[in-house]
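As structure tokens, the structure follows; a few thoughts come after it.
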Amino acid sequence: DQQVKQNSPSLSVQEGRISILNCDYTNSMFDYFLWYKKYPAEGPTFLISISSIKDKNEDGRFTVFLNKSAKHLSLHIVPSQPGDSAVYFCAASVDRGSTLGRLYFGRGTQLTVWP
Amino acid sequence: NAGVMQNPRHLVRRRGQEARLRCSPMKGHSHVYWYRQLPEEGLKFMVYLQKENIIDESGMPKERFSAEFPKEGPSILRIQQVVRGDSAAYFCASSQAGRASYEQYFGPGTRLTVT
């Protein structure tokens, strides 16, 4: 039962343009969302997160948007750089009222930024 | 400050053997999570442990799999009588607290191959 879905397995973007990665979720209990970046043969690295009390969070070139009514979030990277080429995982969790912290991951989107 | 350490990085086992995966959390972290990534899939939660306690093992198969996090030493994920379907990347993450809003830092993973 895939509660977090990333429907695009891959995305190719030219350097300097915007990359938009999308994620949908089905569990209305989720109230905390994260994006991780993963290079081959390495573990995932935290990128940015957002709580359900917000609809936008920004950190440098990375912005995450949350649409709770649509159960949809997106990660915007602008401008995209070749070093951004990696697999991006969307993750979700129940944070308030929970002391478990388990993350539910999507299957990932391979982003390729070409010069 | 060393990050999360996992060993071995690669492990090859024949069907029926035991696999033992080790995870040393970041200094100061007492919360450990294990996730498994099957080929072409996202990470799936297996178990959440604190020192000497299993807090949530709802993602772990009931048979052949066990995990521990002793008072001293690393956390260990043990797979008995491995089968080909156990071939995957196993990631350990550590955190300061058992809430999603406390960042989980991932290790580089152990790639288990069952022949």
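The values are calculated or read from the model by the stated rules, or taken from the named source; none is laboratory data. Everything numeric here is computed off the predicted structure, so don't read it as measured data. Please note: Cβ atoms are built from the backbone with ideal geometry, for glycine as well, and neighbour counts cover all protein chains shown.
Values as computed for the structure displayed
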read-out: Pick from segment A:78-103, criterion farther than 12 Å from A:LYS37 by Cα and in a strand (DSSP E or B), ranking: farthest from the other protein chains (Cβ to nearest Cβ); value: A:ALA92
read-out: Within segment B:39-58, considering residues that are part of a loop (DSSP other than H, G, I, E, B) and within 18 Å of A:GLY108 (Cβ to Cβ), the one nearest to the other protein chains (Cβ to nearest Cβ); value: B:GLY42
read-out: Segment B:69-103, subset touching a Phe, Trp or Tyr at 6+ places or on another chain (Cβ under 8 Å), under 13 Å from B:LEU49 (Cα atoms) and not in a strand (DSSP E or B), residue nearest to the other protein chains (Cβ to nearest Cβ); value: B:GLY98
read-out: Residues satisfying the stated conditions in segment A:32-57, i.e. within 22 Å of A:SER98 (Cβ to Cβ) and assigned to a loop (DSSP other than H, G, I, E, B); value: A:PRO44, A:SER52, A:ILE53, A:LYS54, A:ASP55
read-out: Residue in segment A:23-34 that is buried (at least 21 other Cβ atoms within 10 Å of the Cβ), touching a Phe, Trp or Tyr at 6+ places or on another chain (Cβ under 6 Å) and within 14 Å of chain B (Cβ to nearest Cβ) present; value: no
read-out: Hey, A:GLY106 surrounded by 17 or more Cβ atoms within 10 Å (Cβ to Cβ), modelled with pLDDT under 95 and within 7 Å of chain B (Cβ to nearest Cβ) or not; value: no
read-out: Residue that is surrounded by the fewest Cβ atoms within 10 Å (Cβ to Cβ), among those in segment B:48-103 that are free of Cβ contacts under 8 Å to residues at least 12 places away in the same chain and of a type in the set (Lys, Arg); value: B:LYS62
